[in-house]
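> Okay, handing you the structure first.
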Amino acid sequence: MNGMPSRYKTRAFARLAGVTVKTLYHYERRGLLRPARTASRYRTYTATDLRRIREIQALRFLGFTLGQITQMLRARPEAILDALRAHRRVVEAKRTQLTRAATVLEQAEAAIRLNGDCEPLIAITGRAGWAMRGLKYGEGDIVRRPPDRVSESKRLLFRQCAALLGEEPASAGVQAAVTQWNAMIAAETGGDPDIAAAVAQAWKRRSVWPAGVKEWVAGLYETDADTWARVADLIDLATLSNPK
């Protein structure tokens, strides 16, 4: 640092380092900086302090907290290497999350363009939450089922309908199961006609849901997307064939 003073007063050093005086004091309280003191107790900073500031800024840029940085700057090189490896895994997980988020956003855009409204948004946000859970619990790229499921009674009724896939929609067994299903859906809407209409519209458009949304909904019933679609079709056919 030729031509530059060997020691800096607080405000001059803050300008040089590109931080605020308040930040310098905070770093000092955390033990990250130890400026020298004059006989009058004024702080003075050196090139060593500037190098420490640059180290802190670099580690902050990489996403480390001040607590982590404090430990790293006091640690042996091997411990620092371990910390860097661990943090790299965190960063890679975040990168995966951002990639998944981009995919969900793309699906949302496609669904809204296709449908002309925002009806699929609730299902898509559920899919996003499912993907985030996979990152949180380290379950890899494929999550076998989302964390939130439909009620046990609804799952049981769905399985009952699935067991009837080989029967005619107008058969007594299918009609009885589908009647229960439609009554359960009606109860879930709370008698609100607007909610009932929105649910019916979303159900009607299920064939154009993005693949990720179909998987998410199927996961709520602990089944695969193809089986869920077949049961949904059976429910529609049985409802249409009901003389009532």
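Every read-out reported here was derived from the displayed coordinates using simple, explicitly stated rules and does not represent laboratory data. Keep in mind the model is a prediction, meaning the values are calculated, not measured. Reconstructed Cβ throughout: ideal geometry from the backbone, glycine too, with neighbour counts over all protein chains shown.
> Testing the spin-label approximation: label points 7 Å from Cα along Cα→Cβ at Q180 and T99. State their distance in nm.
4.4
> Quick one: Cα centre-to-centre distance for the range 148-174 and the range 2-41, in angstrom?
Taking the Cα centre of each part, the range 148-174 and the range 2-41 sit 71 Å apart.
> Further question: Report the extension gain between E109 and R15 in nm, rounded to one decimal, defined as 0.36 nm multiplied by the number of residues separating them, less their alpha carbon distance.
Full-extension gain reported as 29.3 nm.
> Right, another one. Run the simple label-point estimate for Y25 and V150 please: 7 Å along Cα→C-beta, distance reported in nm.
Placing both labels 7 Å along Cα→Cβ, they lie 6.0 nm apart.
> Further, regarding this structure: Would you please give the FRET efficiency between R205 and E168, computed as 1/(1 + (r/R0)^6) with r the Cβ-Cβ distance and R0 = 35 Å, to the nearest 0.05?
Numbers: r = 26 Å, r/R0 = 0.74.
The computed FRET efficiency comes out at 0.85.
> Now a separate question. Only residues of the range 179-223 count here: report those whose backbone N is under 17 Å from the spot 7 Å along Cα→Cβ of S241, or say none.
So the set is 179-182.
> At 4 °C and 1.567 mPa s, grab the translational diffusion coefficient of the range 152-241 from Stokes-Einstein with a Kirkwood Rh over Cα pairs, rounded to a whole number in µm² per second.
It comes out at roughly 96 µm²/s.
> Distance in nm between label sites at S40 and S6, each 7 Å beyond Cα in the beta-carbon direction?
Those two pseudo-labels are separated by 2.0 nm.
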